[in-house]
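Notes to accompany the following structure.
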Amino acid sequence: MNLDINLYWSGISILEKIYWIVALPSTVIFLIQFFMTLFAGDTDTISGGDSDISIDSDHGITFQYLSLKNITAFFTIFSWSGIACIKLGINIPLTVIISIICGLIMLFIMIGIYFLMGKLTENGNFNINNSIDKICDTYLPIPAARKGMGKVQINVQGNVREIDAVTDEETDIKTGTIVQVTEVINNQILLVKTLNKK
């Protein structure tokens, strides 16, 4: 078996070797990403920051055009289409052109899928203003007097979300402190106070 592989490898062109070197790892990574997305949820962030904030700022979701998934998809289709062209006896320049075109088509398909997914999320019914008066936990420390932002973990409309938060209080609010939302700032940041503080 090893001898057959060695004979095959030594008998193919440099271009086909390059395609195989790209195809094998990119296919493995692509399959891992596919099954992780299928069974563990999508771990590749669509936006650069908090998706809740992107949704509610009404500016649309800024997804990464060149995410790991998109690049992996490009190289997977690029390499396998190149190998197929070589097996069909297509000349080298045309093989390279066809494989690049196929890879780009896959790249744009992936971009389109994630764009549509972002639009579906954007069109969801989450309204950050429903956070007002809600009681929640401090997830990341919130600096005093709006000197910086922390995060709270809050249950809104049946979903637990992590949202940026600031406070007008004179002391920092530590992680784990129970707080209450009093206002929404710029439709994306929560103004909170320590519970029972006036």
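What follows draws every value from the coordinates through simple rules; no lab data is involved. As the structure is a prediction and not an experimental result, all values here were calculated from the model. Note that each Cβ is placed from the backbone with ideal geometry, even for glycine, and that neighbours are counted across all protein chains shown.
Before moving on, here are some points about what is shown:
- Among the residues making up region 77-91, a single one is part of a helix (DSSP H, G or I) and surrounded by fewer than 14 Cβ atoms within 10 Å (Cβ to Cβ): Lys87.
- Residue satisfying condition, being over 30 Å from Ile71 (Cβ atoms), over 22 Å from the mean Cα position of the chain (by Cα), of a type outside the set (Ser, Thr, Tyr) and surrounded by fewer than 13 Cβ atoms within 10 Å (Cβ to Cβ), within set Asn129, Asn159: Asn129
- Reported count of residues in region 95-112, each being without any contact (Cβ under 8 Å) to a residue 60 or more places away in the chain and crowded, with 17+ Cβ neighbours inside 10 Å, is 7.
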